[in-house]
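Report on the structure given below.
Bear in mind that the values in this text are calculations on the coordinates, not laboratory data. These numbers were taken from a predicted model, which means no experiment stands behind them. Because the Cβ atoms are built from the backbone with ideal geometry, glycine has one as well, and the counts that use them run over all protein chains shown.
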Amino acid sequence: MSAPVDPDPSPTLLRLVLRIPPGWEETVQWQLDQAGWGTGVYEQAFPAGHLDDEPVGRPEEGTLSYVVEEGERARFLAEFDRLAGILDWPDGGWEVRGESVLRHDWETAWREKWKPFRCGGFVVHADFHQLDRGLLRPDDIPLIVPTGSAFGTGGHPSTRIALRTLRRWWGVRPAERVLDVGMGTGILGVAAALLGAGQVAGMDPDPPAEEQARKMAALHGVEERCRFWNGVLESAEGSWQIVFANLQSGLLQRYAPLLRERMSADGRLFTGGFMDRNAAPTLAALRDAGLRCTRLHEHGRWRAAEFEIEA
C-alpha cells in the first residue's frame, strides 16, 4: 500500500488524514485508487514489544493518509465526500484533517512517527534508529525499513501476521524459494532471506515498490538473493515453496488459480489483507482452486489464512 514520495523539495504538499468507520479501510483504499489517488497509507499504532506469547494491548484507531498537491485539495475532498455518501456513513462518523508540508518535511514527519517494534522474533525498525544491541534477545533478527518508506513497514495487521507466520513456518520446515506477490517494501522477502532463503522474488504493480524493495535488500546485504520488479503475478514464473499474497480480497479471488500454480507440490501459501465481510468468498475461491486452508487468523476485522495444495 503506498503513497508517492516525491523528492522535489520546493512545492508544498498537503497531507490528508482520513478517519473513517472501522472496517471500511480496504473499500476506501480501492475506491480512491480507482479514482486515481493511489492506495494511500494505512496506519495503526500497535503496542511495542508484542510477541506471540505476550498479551496484546488495544491498538489505536487506524487512519488513512494521502499526500496531494495543494491545488488538488478540493477535488480530493469532493471525491471523498461523494464516497462517504455512497457508503451511507453516519454524520460525525468520519472526518478529514489536513496539514501542509514541504516535500522535504515528509521524511521528518515519518521519522517522528515511526517507532521500532518486535514481531515474531523480528525487531522492525527504521534505518535511522540506533538499536541497543544489549536489549535484543538471543534469537531476535533486526529488520530495517528504509527511511521514507510509504508502505509495507510492518505496522499493518496482515504484515505482522505474515512475519509471525514466516518465523513459525521456518521453525518447522525452512524453504529455499520464496515468492512475495504485492511486495511493497519487500519486507517479507527480505525477512525470508535473512532466515536463510536462497532465492527470493517479488513483484508489485506500484512503481515506487521496486526501488524500495531493492533498497531494503541492500540494507541487509541480501540483494544477491533477492529479485524484485515492477509487475503483476502473471510476470512470475516457476514454482515456489512459500508464496506470500498480501492482497485485497478481489485480487485473491481473481488470482486464486494462478497462486496455486505458482506453489510447489509441498508449498505453503499465506494470504492476507482482506476484511471479515469478504472472508467467505475469498476463502471459497481459494478452496475452489484446489487449496486447503490450514489456519485462519483474525485481528479485529482483518483476516489472513494459510493454505497448502489439496491432496
Practice task
Quickly rank 286-299, 216-229 as a protection proxy: mean count of other C-beta atoms within 10 Å, highest first.
Solution key: 216-229, 286-299
Fill in the blank from the handout: Going residue by residue through the stretch 282-298, the Karplus relation 6.51 cos²θ - 1.76 cosθ + 1.60 with θ = phi - 60° gives ³J(HN,Hα) values, rounded to whole Hz and with x marking Gly or Pro, of 5, 5, 5, 5, 5, 5, 5, 7, x, 10, 10, 6, 9, 6, 10, 9, 10
Practice task
Just need the relative contact order of the stretch 155-242 here, percent rounded to a whole number, with Cα pairs under 8 Å and 6+ apart.
Solution key: 30 percent
Problem - Among beta bridges that DSSP assigns inside the stretch 153-309, antiparallel share in %, nearest 5 - result: 45 percent
Completion exercise
Between the residues T282, I309, F270, the Cα farthest towards the positive end of the dipole of the stretch 250-311, that dipole coming from +1 and -1 charges on the beta-carbon of Lys, Arg, Asp and Glu, is from T282
Problem - Packing-based ranking, highest mean first, of 234-242, 178-186 given that Cβ atoms within 10 Å are counted - result: 178-186, 234-242
Handout entry: Rel. contact order, % - alpha carbon contacts under 8 angstrom, at least six apart, the stretch 153-309
Key = 21 percent
